[in-house]
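Structure first, commentary second.
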């Protein structure tokens, strides 16, 4: 553990959200960092792809580190693996090249704003009220290929999809910078598995003006997309409740 803590790109027990915020705001494609995992004896590698952050687990079993389909006999061999820029493939079929270790410590300016006015609005809020007012959108993200059904012509086309914050955008291909369309999940009424299209691994998103149909390539990929979208919809509804209190 002490050796891991000495790594300049080990960020300790930061959350998944903080890792995504750091890499999306300041990293580049291929930037990555190491952090504690959710359970004892595990670590997570967070890697920025083009438009999203992916997370991979490292399990420590005695002196052996298990990363993906490979076991490493020592921390040194694991670090050497990262030094040679490993190429990872996830369930989505997309590849991520680990190129740029993201350091925990960066040089920062030492300047602060002086407070020249300090007062209160007298809202009558208490410390308990702050618990309900605290809210921020998660950066939880995902990208990969899905096949969607057209609106006027009911044909199917495979598109590159990017889910970031509360927006689901799709592109004609991965190299494009401008999306064909962006769906705002704040307007989405629900996400359900679908068996009406005749396609395997199909799901739908319900909007007031349209129902969108998609299908993934595998059952596992379908579950990942649906779990992420449903989780975001749940967070959106939580935020709406907070804003109304």
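Read-outs: derived from the displayed coordinates by stated rules, not from any lab. Just so it is clear, the model here is predicted, and its values are computed rather than measured. Note: ideal-geometry Cβ built from the backbone for every residue, glycine included; neighbour counts use all protein chains shown.
What order do you get for 49-56, 174-181 when each peptide is scored by the mean count of other beta carbon atoms within 10 Å, highest first? Let's see the in-between values first.
Values: 49-56: 20.2, 174-181: 11.4.
The packing order, highest mean first, is 49-56, 174-181.
Could you rank the peptides 36-42, 186-192 by their average count of other C-beta atoms within 10 Å per residue, with the highest value first? Could the numbers behind the result be given before it?
Values: 36-42: 11.6, 186-192: 14.4.
Per-residue mean Cβ counts within 10 Å order the peptides as 186-192, 36-42.
Under 16 Å from a point placed 7 Å out from the Cα of residue 75 along the Cα-to-Cβ direction: which residues of segment 1-42 have their backbone N that close?
Under cut-off, by backbone N: 1-13, 34-37, 41-42.
Label residue 206 and residue 3 with points 7 Å out from Cα along Cα→Cβ: what is the distance between them in nm?
5.5
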